[in-house]
Amino acid sequence: MGSGHRQQQLGTGNHGKTRRGLAASMAVAAGLALVALTGSGTARASTVTADVSAGLLKRAIANPTGQFTVIIQSPDDVGSTALSTDVSSTLTDDATAATQVTADYSVIHGVSAVVSGSQLVDLASDPKVSTITEDARVQLTSTAGGFSNDQMWPDVSNAPRNWGSGDRTPAIAVVDSGVAAGRADFGGRVVKQVGFGHGSWSGDSYGHGTFVASIAAGESAGYAGQAPQSRIISLDVLGSDGSGRLKDVVAAADWIYRNHTAYNIKVANFSLTSSATTSFTNDPLDTAVERLWLSGVTVVAAAGNYATDGAESGVLHAPGNDPFVITVGASDINGSVDAGDDFAAPWSAWGYTPDGFLKPDVCAPGRVIDAAAPSNSSMYVNHPERVVDSGYMWMSGTSFAAPIVSGTAAYLMSQHPDWTPDQVKGALMVSAQPGQDPSSTACGVGEVSTAAADVADPPNPNAALNPFVGTDSHGAPVFDAASWSSEASSNDAWDAASWSSASWSSASWSSASWSSASWSSASWSSASWSSGTSPDGTLPANADLTWVR
């Protein structure tokens, strides 16, 4: 039933297009001279030096008194505090609207702010500003239906190994729609709840976050999750309709960054995607999850549910497009516990990111998963046909494959507390089991299992990225995107170090084949963002609530 969804083979995506340099494809507005109007209608010339989409600039110039919610980033040598002061000064000097700085971030050198069109143009010319990103809607990836199975997924991922270990696994941060903390599924292990934007400080009006958390760490009889001993940190960024804003997801990452040590957070689960197609080198959410990763928090992100009939779709949106993090696709377990007959769900996104990285990295079961949902939540009420028991329903999507990997990662950290996120990712990948078509990359290198804990010396799939990691002016680790872009534009083999370790030879999938396809210079050069345009963050009505039944 799924074999027809495996038409794309290793190496697809290389269409032979000419590579363009970073200056042409990334800094689309840098150096652009333009004439803008102040709030009073006076014309003035500006030279844009910040990385800002041409579409956003055009709208700002056309509407100088209009309001724009943006995330503003600074170069590493400026920092958030100095940037906040500078932005506030600009807003005071050009008081054309009710504008303000709304948040200072620690996880990135940046702030979120409401600015007028004329203020946006001023900031785009400010040397203390490196990037201006319009706040965008984020959407859940739980928008797909599935085929029947007999709830065998815990056996596919070998969850009972963790259930029997008796070990207290580290905390998992769930960035989602909240968690119904009082349910028996969690046994009092939801130790912190924080709300952002339209999110709630307690409860879960939509139901998605509770569903995700119960897959990762539920404990009720018949519905145990992958890591039922883990504590849960609920970071609610989504409203009762399942939608939210990019700035609130960045704020949630910021909270994790500032509190991960206090709460022993070792894993962060993002079962959501941004709606914009962006490069990981300047997307604020990608920058934020990289900071978490480099600070010792393993980030797990859903790939998305926008493939069609198994065809290559690309993995286009943050945070799943980031090369550091573990991006998870959804598999169909084909009615058995044998990984060898499994296949990628036909809607599970896969292929190259806008920067040429092959995603997802791994898969986990994601079709017809039974889990907890509050009986008064929107998801539960709107889909009575999916209710399997009081307070439980079935759902499908990469959103629900991701927490299986998050629970597995937490288990690995309980067995190897000194492992870094790179080692966790390496262990999951090298021990993954390929499905019925090992030559396909729709499921990454294969399905994950708790057997990853047996890997003695995990290879590092991010080894080629790490030479571009340095420290910022505050001594915190940071990825040097400009240096990476320069190297990648001149050296097609820049990523060879990631796959050269002899440790990959133990993999049951072909490390040589994955190495040759893991990054495509042609996909990078033909990326959609090279045109200098990007979505404005708006979605059609109910675009984040498209159910496949």
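The values are calculated or read from the model by the stated rules, or taken from the named source; none is laboratory data. Just so it is clear, the structure is predicted and the values come from calculations on it, not from any experiment. A quick note on method: Cβ atoms are made from the backbone with ideal geometry, for glycine too, and the neighbour counts reach across all protein chains shown.
Couple of notes before you dig in:
- Among residues that are within 24 Å of Thr408 (Cβ to Cβ), surrounded by 24 or more Cβ atoms within 10 Å (Cβ to Cβ) and in contact with a Pro (Cβ under 8 Å, 6 or more places away or on another chain), Ser271 is included.
- For region 364-375, a residue qualifies if it is in contact (Cβ under 8 Å) with a residue 40 or more places away in the chain and more than 22 Å from Thr408 (Cβ to Cβ), and the qualifying residues are Ala373, Pro374.
- On the stretch given as region 287-329, residues that are more than 26 Å from Asn259 (Cβ to Cβ) and β-branched (Val, Ile, Thr) total 2.
- Meets criteria (at pLDDT 80 or above, touching a strand residue (DSSP E or B) at 6+ places or on another chain (Cβ under 9 Å) and either among the hydrophobic types (A, V, I, L, M, F, W, C) or in the same structural domain as Ser331 (by TED's automatic domain parsing) (or both)) for Ala60: yes
- When residues of region 382-409 are limited to those that are of a type in the set (Gly, Ala, Ser) and farther than 17 Å from Trp153 by Cβ, the one surrounded by the fewest Cβ atoms within 10 Å (Cβ to Cβ): Ser390
- Flag if Arg245 is within 30 Å of Met152 (Cα to Cα) and of a type in the set (D, E, K, R): no
- Failed condition for Asp286, given (1) within 21 Å of the chain's Cα centre (by Cα); (2) modelled with pLDDT of 95 or more; (3) farther than 23 Å from Val107 by Cα: (3)
- Ser279 being over 11 Å from the mean Cα position of the chain (by Cα) and free of Cβ contacts under 8 Å to residues at least 40 places away in the same chain: no
- Residue in region 343-357 that is crowded, with 24+ Cβ neighbours inside 10 Å, under 22 Å from Ser240 (Cβ atoms) and touching a residue at least 40 places away in the same chain (Cβ under 8 Å) present: no
- Subset of region 322-339 that is modelled with pLDDT of 95 or more and among the polar types (S, T, N, Q) - its residue that is surrounded by the most Cβ atoms within 10 Å (Cβ to Cβ): Thr327
- Options Ser279, Ser331: the member that is assigned to a loop (DSSP other than H, G, I, E, B), out of contact with any Lys or Arg (no Cβ under 7 Å at 6 or more places or on another chain) and among the small types (Gly, Ala, Ser): Ser279
- The residue list Val315, Val289 contains one member that is assigned to a loop (DSSP other than H, G, I, E, B) and without any contact (Cβ under 8 Å) to a residue 60 or more places away in the chain, which is Val315.
- In region 220-237, the residue that is farthest from Met152 (Cα to Cα) out of those that are buried (at least 24 other Cβ atoms within 10 Å of the Cβ) and either more than 15 Å from the chain's Cα centre (by Cα) or among the acidic types (Asp, Glu) (or both) is Asp236.
- Residues of region 122-164 that turn out to be in contact with a Gly (Cβ under 9 Å, 6 or more places away or on another chain), crowded, with 24+ Cβ neighbours inside 10 Å, at pLDDT 55 or above and not polar (S, T, N, Q), as a count: 3
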